[in-house]
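Let me begin by presenting the structure, written as structure tokens, before commenting on it.
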Amino acid sequence: MGKGDETTVVKARASTLITATPQQVFEFIAVNFEQNYPRWSPEVKALEMLTPSPLRLGTQARQVRVDQGRQSNSIFGVTAFEPPTRVSFAEGNDQFRTDYQVDPLGGQTRLTFAFELRRMELYMRPFEKLIRVAIQDGAERVVRNIKSLIERETARQSSGQV
């Protein structure tokens, strides 16, 4: 990487097994994205869908997040929509990308979440190691939160509580 280059890709990946069908997991993440995204990612303080429902390739949304005490505003869009296996998003200026992969595994579903920070500004470089750790922790928290929410809801539905 040359001097003055502000491009660095920081990647994180986390996966978990969820006791639910791939369709249930995909529906929770993609079909009901507007309702559920702020639930599994409490850093999202505001979410505005810029494209009418349903979520599909090209859908745009605006979010306000507070991560590690830092507020950010971004517009992002759906870059892949492949029911019931995959949905991906990218920030409008390609600052970040996220991918949710849903795969059947026996009687469970494996959810794999990937995050890429596509650019790291020069002023962030001294904190690169901390940023990498925070992003990996965040990825692991995302899959834990999604697993917990889905399993709680499917247990409630199967016990007759809605």
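The values are calculated or read from the model by the stated rules, or taken from the named source; none is laboratory data. What you are looking at is a predicted structure, and each value in this text was computed from that prediction instead of being measured. Because the Cβ atoms are built from the backbone with ideal geometry, glycine has one as well, and the counts that use them run over all protein chains shown.
Which one of these does PRO38 not meet: (1) modelled with pLDDT of 95 or more; (2) surrounded by fewer than 14 Cβ atoms within 10 Å (Cβ to Cβ); (3) of a type outside the set (Phe, Trp, Tyr)?
Every condition holds for PRO38 apart from (2).
What residue, of TYR100, TYR123, is over 24 Å from VAL25 (Cβ atoms) and either at pLDDT below 95 or crowded, with 17+ Cβ neighbours inside 10 Å (or both)?
That would be TYR123, the only listed residue that is over 24 Å from VAL25 (Cβ atoms) and either at pLDDT below 95 or crowded, with 17+ Cβ neighbours inside 10 Å (or both).
With respect to GLU140, is the statement that it is more than 24 Å from PRO83 (Cβ to Cβ), modelled with pLDDT of 95 or more and surrounded by fewer than 17 Cβ atoms within 10 Å (Cβ to Cβ) true?
Here the answer is yes, as GLU140 does meet what is asked.
Look through segment 26-50, keep the residues that are touching a residue at least 12 places away in the same chain (Cβ under 8 Å) and over 13 Å from the mean Cα position of the chain (by Cα), and return whichever of them is nearest to GLN101 (Cα to Cα).
Per the criteria, the residue is GLU27.
Step by step: first the residues of segment 147-159, then only those that are in a helix (DSSP H, G or I) and among the hydroxyl-bearing types (Ser, Thr, Tyr), then the one that is surrounded by the fewest Cβ atoms within 10 Å (Cβ to Cβ). Which residue is that?
Let us first name the residues in segment 147-159 that are in a helix (DSSP H, G or I), namely 147-158.
Cutting the leftovers down to among the hydroxyl-bearing types (Ser, Thr, Tyr) gives us 148, 154, 158.
On the way: SER148: 14, THR154: 17, SER158: 8.
Looking at residues that are in a helix (DSSP H, G or I) and among the hydroxyl-bearing types (Ser, Thr, Tyr), I get SER158.
From the residues in segment 60-119 that are of a type in the set (Asp, Glu) and touching a residue at least 40 places away in the same chain (Cβ under 8 Å), which one is nearest to LEU47 (Cα to Cα)?
Selected residue: ASP67.
Report, by residue number, each residue of segment 127-146 that is closer than 17 Å to THR19 by Cα and either outside any helix (DSSP H, G or I) or touching a Leu at 6+ places or on another chain (Cβ under 7 Å) (or both).
VAL143, ILE146, listed by residue number.
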